[in-house]
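The values are calculated or read from the model by the stated rules, or taken from the named source; none is laboratory data. Note that this is a predicted model, so its numbers are computed, not measured. Using ideal geometry, Cβ is built from the backbone for each residue, glycine included, and neighbour counts are taken over all protein chains shown. In case anyone asks, the SASA skips ligands and DNA or RNA and just uses the protein heavy atoms, side chains included. Shrake-Rupley method; radii C 1.70, N 1.55, O 1.52, S 1.80 Å.
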Amino acid sequence: MSDTVRLRIRRQDGPEARARWESFALRRKPHMNVISCLQAIQADPVDADGRATTPVVWDCNCLEEVCGACTMVINGRARQACTALVDELGASITLEPLGKFPVVRDLVVDRQVMFENLKRIKGWIPIDGTYDLGPGPRLPERERQFAYSLSRCMTCGCCMEACPQVNPRTNFIGPATLAQAVYFNASPTGRMTASERLEAVMGDGGITECGNAQNCVKACPKEVPLTTAIAGLNRATTWHYVKNWLTR
Amino acid sequence: MDRKNIVIVGGGLAGQMAAVRAAEQHFHVDLVSLVPIKRSHSVCAQGGINAAVNTKGEGDSPWEHFDDTIYGGDFLANQTPVKRMCESAPGIIYLFDRMGVPFNRTAEGLLDFRRFGGTKHHRTAYAGATTGQQLLYALDEQVRRYEVAGQITKHEGWEFLSVVRDGGGACRGVVAANHVDGAIRAFRAGAVILATGGPGLIFGRSTNSVINTGAAAAAVYLQGGVYANGEFIQVHPTAIPGEDKLRLMSESARGEGGRVWVPRDGKPWYFLEEMYPAYGNLVPRDIATRAIFEVCVNQGLGVDGKNQVYLDLTHIPADELEVKLGGILEIYRKFTGEDPARVPMKVFPAVHYSMGGLWVDFDQMTSIPGLFAAGECEYQYHGGNRLGANSLLSCIHGGQVAARAAMDHVDGVPAAPGPDPYDAEVRRQEAVFEEIRSMDGDENPYRLHRELGEVMTDNVTVVRHNDRLDETLERIAEFKERWRHIGPPDRDGTLNQSLYFTRQLHHMLELAHVIALGARLRDESRGAHYKPAFPSRDDDRFLKTTLATHTPDGPRIDYEDVDIQYLPPRPRVYDVYRKEDRP
Ligand SMILES: Cc1cc2nc3c(=O)[nH]c(=O)nc-3n(C[C@H](O)[C@H](O)[C@H](O)COP(=O)(O)OP(=O)(O)OC[C@H]3O[C@@H](n4cnc5c(N)ncnc54)[C@H](O)[C@@H]3O)c2cc1C
Ligand code: SF4
Ligand code: SF4
Ligand code: FES
């Protein structure tokens, strides 16, 4: 393996600025990941031709793929930079910001819309209060495991990036938010307000936008069972629709 | 609007818990956070959260939990607040259960509990191996609910710079900077709660998130807040070494039966089990870390001749491992390419947690009236060494206490004396950035940070010697001087991370000074603080909280007595079960 790591990074000084490409050549070390490359550039900000530049701007916190912050497009695929190991990425590495969200600077994008979508589906358990009211409801371990598989979603946006239906025309809230609706509706307490969430996902930009392309589930780093969740939600909304119609 | 307004800085477990508590009591909360609160460092917590609910018929109780915590902390923690925390723990677990946290269950559908270090009881509730993430998300959802209701306003992407003090010295709000556009403004409040997490980055690479610089607590220290027990830094025995970060391998791996060993004379040597027959692999962290150091560094028995030991799970059925530890095994697999269900993991100690932090009273108020602190940024609950799974508990409990106290404070606070202090503080902070922008030396802030991290890790972690601490203090003075010769690699523009990092580095150097000086002056061994030249605990001289106060010549160190009203100090030994050496 070559002892140089080559990176091409798409840079953009601000939301309105024109994007440009910069190349970097770094000395290869054992166990590098994309984060340690970007850190090396911070410590010595010169490009591949030896010209001084500014450090590349990117987001990261946990560096162990639980916070979702460092998501970017690496060699054409949306994923986390912290788990992108250099030795597995081939001869040259291309870094770009996520394409479905507005760029703030360089590799940083604004994913606020995902948090806003969680408001739309009333993404919380409506507890009476945080004072001590004794134990919660019992739950079979099997149901708990399904809930857990959904609640590991770290709002990273990989599934949004992969989904063809997430685009300016559809207004689609996207697979992650739909799966969260399923999560809250699966909880013994959340179930009591399930119809509110069903109504929300039946509205504009909701579940009907999903074309069942299945790209999302393949893109999810946390193996959230997105398509299983969406299929279940489809059945629930259909049933809810019929029930509404019958009791009209 | 300022009277019923509380500013909370930080949206980890402590900050979010406080925010929800205050919003629920009809206060308005401005929640200021560097990162989107859902991405706070608390998501990293893997293993679990402690509460003595005794569902396994082991005779556990909050009192036992209290005893384990005080003993595990080598008697340095004030006992009144720790006792309250342990008593509130079962209620906290039930609350999070009601909020929907998918805690693992027993066959009966009840909460399951596992074992952690420093106790003989199954006392740790867990949600797979991503407990912190699950707890944080549950709060994040409640915060969102109050956001929709207009009770909480989030300000994400804002960095806290300083507190605003009125003519009488009381805290009346904060000044913060927006990272994207560089705007600096004041947030007014009747009370402020700081919940900004730990300072792991001072040691360069650690198990912490990279935002954990401790800069916010340092800013308060520079403004007159007292910083307590800074020298007590927990080094976790088991982490995966990495270029960018030392990733934690949770204690839950040992809680579920993982065994630590090195090859010796061609056979596995389970040295923890041999040295500490009563607790075995589940001795507290300071003890395990020193044993690993002894075996690797002093006896040269590290695996493959390197500083690393095996942490072995291969004897446990793979499907059981997946359900209980999936999240952390995935981390190991993703970063090393090896499967812990088939080959033993290779691990080594890494800086993990700060027991020290801002001094607070039993109601979480700092030495600055009206400024409260909760979570890892304060010092109150863990003494000389924190037990595993007690931090998430202390964050949540501390957040609850702080919210209550802050609301009471707001209700009783008179109008601010003297002129409006906000503009002056905003201008002072603007001037700081002007100064940093105008520096034009040839030091790079990121390289300087690396050097600081290396010096601190080499000299102020597992084993401490006074001559090396003296050298460290000299190096810190040199770093402070060199800081003034930084040329920020990026002077203006949107989201100028290096500008903010340069300021944070300044604050890290100040806290590094507090930590190293505290260690230098404490001539004893207690909990995580170990000096071979003073190998035993010295209660006569040092059963005392270290208090650091900022002066222009560096930290002034004083000492304060510890509240020991419930449990008289006794020797701390883990090779026999502690009941037997109780009087
Ligand atoms: C890898 C790992 C695993 C762990 N596992 C466990 C475990 O299993 N059990 C356990 O009990 N403990 C565990 N801990 C410890 C525990 O996770 C932390 O102590 C705890 O999460 C700290 O929470 P906090 O609320 O104090 O702060 P954090 O979660 O660190 O949050 C800090 C908040 O403050 C904000 N902030 C920081 N600085 C500023 C600033 N200047 N301006 C504005 N906002 C700011 C951040 O944006 C963030 O929202 C673990 C720690 C690590 C590193
Ligand atoms: S199934 Fe296809 S269309 Fe539907 S959310 Fe997933 S990627 Fe998008
Ligand atoms: S579902 Fe998966 S890919 Fe989508 S945001 Fe959540 S973690 Fe990311
Ligand atoms: S930094 Fe948190 S997911 Fe990569």
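A few notes on this one:
- Partners for B:Lys56 among aspartates and glutamates (Cα-Cα distance below 14 Å; same-chain residues under 8 apart left out): B:Glu108, B:Asp112
- Under 20 Å of direct C-alpha separation, and excluding same-chain neighbours fewer than eight residues apart, B:Lys267 reaches these lysines: B:Lys306, B:Lys346.
- Sorted into 20 angstrom bins from 0, the C-alpha pair distances of the protein assembly as shown split as 16, 52, 31, 2, 0 percent.
- Amide H partners (placed H, <5 Å) of B:Ser354, local residues excluded: B:Gln234
- For the range B:366-501, alpha-carbon Rg over 2.2 N^0.38 Å: 1.44
- P(r), alpha carbons of the range A:112-247 - 10 Å bins starting at zero, rounded %: 12, 43, 33, 11, 1
- Against chain B, whose longest principal axis is taken from its Cα atoms, helix B:445-459 shows a tilt of about 40°.
- Taking one quarter of the surface of the convex hull spanned by the alpha-carbon atoms of the range B:162-258 gives a direction-averaged projected area of 9.2 nm².
- A helix-only calculation puts chain B at -11500 deg cm²/dmol for mean residue ellipticity at 222 nm, using -39500 (n - 2.57) for each DSSP H run of at least four residues, averaged over all residues.
- Loop GluC sites (Glu not before Pro), the range B:206-273, which have at most 15 other Cβ atoms in a 10 Å radius of their Cβ (DSSP): none
- In chain A the longest region clear of GluC sites (Glu not before Pro) that are loop-assigned by DSSP and have at most 16 other C-beta atoms within 10 Å covers A:17-222.
- Average accessible area per residue (Å²) across the protein assembly as shown - probe 1.4 Å, nucleic acids and ligands excluded: 36
- Cβ neighbours within 10 Å from other chains - mean over A:77-89: 2
- Taking 22 Å as the limit for the C-alpha separation, the pairs B:Lys120/B:Lys245; A:Lys100/A:Lys218; A:Lys119/B:Lys245; A:Lys122/B:Lys324; B:Lys120/B:Lys544 exceed it in the case of B:Lys120/B:Lys245; A:Lys119/B:Lys245; A:Lys122/B:Lys324; B:Lys120/B:Lys544.
- Cα long-axis angle, helix B:318-336 against chain B (0 to 90 degrees, to the nearest 10): 60
- Largest to smallest in accessible area, the residues B:Tyr126, B:Tyr270, A:Tyr241 fall in the order A:Tyr241, B:Tyr270, B:Tyr126 (1.4 Å probe, all protein chains included).
- One Cα centroid belongs to the range B:206-274, the other to the range B:526-554; the line between them spans 20 Å.
- Principal axis dimensions, chain A - Cα atoms, whole angstrom, descending: 72, 42, 33
- Solvent-accessible area lost on pairing B with A (1.4 Å probe, both sides summed) amounts to about 5900 Å².
- Global dimensions of the range A:4-109 from alpha-carbon coordinates: Rg and Dmax equal 12.8, 38 Å.
- Pairwise centroid distance, computed over Cα atoms, of the range B:82-143 with the range A:43-60, Å: 43
- Overall size of the range B:187-322 from C-alpha positions, given as principal axis extents largest first: 64, 37, 33 Å.
- Rolled with a 1.4 Å probe across the full set of protein chains, the surface gives B:Asp420 an accessible area near 90 Å².
- Solvent-accessible area, 1.4 Å probe, carbon plus sulfur percent, for the protein assembly as shown: 50
- Accessible-area order (highest first, 1.4 angstrom probe) of the listed residues A:Met154, A:Met202: A:Met202, A:Met154
- For chain B, DSSP calls about 70 percent of its internal beta bridges antiparallel.
- Accessible heavy-atom area order of B:Met275, A:Met32, highest first, probe of 1.4 Å: B:Met275, A:Met32
- In degrees, nearest ten, helix A:141-151 long axis to first principal axis of chain A (Cα): 50
- Part-to-part distance (alpha-carbon centres) for the range A:113-166 and the range B:60-74, which is given in Å: 34
- Cβ-Cβ FRET estimate between A:Arg51 and A:Thr208, R0 fixed at 51 Å, reported to 0.05: 0.50
- Rounded to the nearest Hz, the phi-derived 3J(HN,Hα) couplings of the range B:120-127 under the Karplus curve 6.51 cos²θ - 1.76 cosθ + 1.60 (θ = phi - 60°) are 9, 10, 7, 10, 10, 7, 8, 10, where x marks glycine and proline.
- Sorted largest first, extent of the range A:147-215 alpha carbons per principal axis (Å): 34, 25, 17
- Packing around the peptides B:421-434, B:211-224, B:500-513, taken as the average count of other Cβ atoms within 10 Å per residue, puts them in this order, highest first: B:211-224, B:500-513, B:421-434.
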